[in-house]
Amino acid sequence: MKTFLLGTGCQKGGTSWLFHYLKASPQYVPGFRKEYHLFDGLDVPAQAYRRDRALAQAAAAVALGREGGPVNAQALHLASMYANPRFYYDYFAGLLMTRPEARVAADLTPAYGMLSANRMAQIKGELADRGIRTVSVFLMRDPVDRVLSQLRMQVRRNADRFVGPLDEVLHKRYSHYEYEARTRYDHTIAALDEVFEPEEVHYGFFENLFSEDSVREICAVLGIDFHPPNFDVRRNASPPAAVSDEVLRIVADHYRPVYEAVATRFPELDLERLWPHARLLR
């Protein structure tokens, strides 16, 4: 059966590596981008700029075309999905029909971890109406490490974005919405458990993603053949940074509900081994 992969995060949790792994499979059919940001742009107020930017880019593409210049077809395509999400579902259904060996297409938008169960159910239902099975992969990372990695990425992209050493910036920003909403794995897990059957969702962890066993589990959920991964290539990695234990403990305590929810949902895990910052909650 043809399968659509709804990636649900988390940001800085290995989704770029997974995307490139899937692209190397002849059974994967790539679309015109890794992350479409359609539903977070529609549903999450803080992400509405995604919609506005997509529509502005489409308007610019049309204006350039009227002047005889090249038209950015991808910008128009994404804008059409915002105008009517039916085009999103039809697009992925069409991708999966392009060649017989195609089994999986995907939208690996980590921000989809912020979607409601109702939206996830709607996506699943629309694709089911088109004969497409929907599964999800949710990759998690130690909450403290995830927030710190997101912050380092922002600094790497714009060194002037924040004032002061990273230690101080983390202390000021760890609870801001742009970090917290992407780290509340408990909310995402609750939505996924409500919408998907156990065999339709893979819960994974960044810390052990880069192993053959983990990759085989993902392939099994997707219904594609395993092919050897390249674990030597890491995508979008940020350099390490020194942060005081005091600040790390404050951040860990803020995300205590996440650590506790993951420990409860996955009792087989040695969480303190997997996520060392959990030890700060003792």
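The values are calculated or read from the model by the stated rules, or taken from the named source; none is laboratory data. Since we're looking at a predicted model, the values are computed, not measured. FYI the Cβ positions are ideal-geometry reconstructions off the backbone, even for glycines, and counts take in every protein chain you see.
A compact table of results
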quantity: Scope the range 1-60; condition on the phi > 0 side of the Ramachandran plot and of a type in the set (Gly, Ala, Ser); matching residues; calculated: GLY9, GLY14
quantity: Residue tally, condition of a type in the set (A, V, I, L, M, F, W, C), without any contact (Cβ under 8 Å) to a residue 40 or more places away in the chain and surrounded by 14 or more Cβ atoms within 10 Å (Cβ to Cβ), over the range 18-61; calculated: 4
quantity: Residue selected from the range 4-17 under the condition hydroxyl-bearing (Ser, Thr, Tyr) and surrounded by 23 or more Cβ atoms within 10 Å (Cβ to Cβ), by the criterion nearest to ALA191 (Cα to Cα); calculated: THR8
quantity: Matching helices (runs of 4 or more DSSP H) fully within the range 15-127 where at least 1 residues are of a type in the set (Phe, Trp, Tyr) and under 30 Å from ASP232 (Cβ atoms); calculated: 15-23
quantity: Matching entry among VAL233, VAL247 (being of a type in the set (A, V, I, L, M, F, W, C) and at pLDDT 95 or above); calculated: VAL247
quantity: Evaluation of PHE162 against (1) over 29 Å from PHE92 (Cβ atoms); (2) outside any loop (DSSP other than H, G, I, E, B); (3) more than 17 Å from the chain's Cα centre (by Cα) (one fails), failing number; calculated: (2)
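Quick grid of which residues meet (1) more than 17 Å from CYS10 (Cα to Cα); (2) modelled with pLDDT under 95:
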{"residue": "ARG156", "(1), (2)": "yes, yes"}
{"residue": "PHE205", "(1), (2)": "no, no"}
{"residue": "LEU209", "(1), (2)": "no, no"}
{"residue": "ALA220", "(1), (2)": "yes, no"}
{"residue": "GLY223", "(1), (2)": "yes, no"}
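Residue-by-condition table, conditions (1) under 30 Å from ILE224 (Cα atoms); (2) at pLDDT below 95:
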{"site": "LEU127", "(1), (2)": "yes, no"}
{"site": "SER136", "(1), (2)": "yes, no"}
{"site": "MET153", "(1), (2)": "no, yes"}
{"site": "VAL163", "(1), (2)": "no, yes"}
{"site": "ASP167", "(1), (2)": "no, yes"}
{"site": "GLU180", "(1), (2)": "no, no"}
{"site": "ALA191", "(1), (2)": "yes, no"}
{"site": "GLU194", "(1), (2)": "yes, no"}
{"site": "GLU197", "(1), (2)": "yes, no"}
